[in-house]
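**Q** Sharing a structure with you now.
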């Protein structure tokens, strides 16, 4: 792209100096090439932006999944702890009843 800009600048300077030997079709060809290269560069930037966006969304999705997974484990552990506490209370009640008789 830099070579195209350099060539275009050279041809523009020739045209501005009213050099009769300058070929306008050459300038137009370089303008077309410059337009194509500019579009390619723009498309490349858009592609990279899209890829970065997809990667970010994937990271966020994994983060949410991990968080949800953590909450699932936390709920499970809480449930197991409550169940164990219920068993302990039941055992204490039975033990008290046995010692009263």
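**Q** So which pairs qualify, if the first residue must be in segment 34-58 and touching a residue at least 24 places away in the same chain (Cβ under 8 Å) and on the phi < 0 side of the Ramachandran plot, the second must be surrounded by 10 or more Cβ atoms within 10 Å (Cβ to Cβ) and part of a helix (DSSP H, G or I), the Cβ gap must be under 7 Å, and the two must be at least 6 apart or on different chains?
**A** Correct list of pairs: 34/4; 34/8; 37/4.
**Q** Also: I'm checking my understanding of the structure. Among residues of segment 8-33 that are under 21 Å from residue 44 (Cβ atoms) and at pLDDT 70 or above, which one is surrounded by the most Cβ atoms within 10 Å (Cβ to Cβ)?
**A** 30
**Q** Can you tell me which residue among 82, 57, 49 is within 32 Å of the chain's Cα centre (by Cα), farther than 30 Å from residue 3 by Cα, surrounded by 10 or more Cβ atoms within 10 Å (Cβ to Cβ) and modelled with pLDDT of 85 or more? Let's see the steps before the verdict.
**A** Values: 82 fails: within 32 Å of the chain's Cα centre (by Cα); 49 fails: farther than 30 Å from residue 3 by Cα.
Step by step, each of 82, 57, 49 is checked, and only 57 is within 32 Å of the chain's Cα centre (by Cα), farther than 30 Å from residue 3 by Cα, surrounded by 10 or more Cβ atoms within 10 Å (Cβ to Cβ) and modelled with pLDDT of 85 or more.
The values are calculated or read from the model by the stated rules, or taken from the named source; none is laboratory data. Just so it is clear, the structure is predicted and the values come from calculations on it, not from any experiment. Note that each Cβ is placed from the backbone with ideal geometry, even for glycine, and that neighbours are counted across all protein chains shown.
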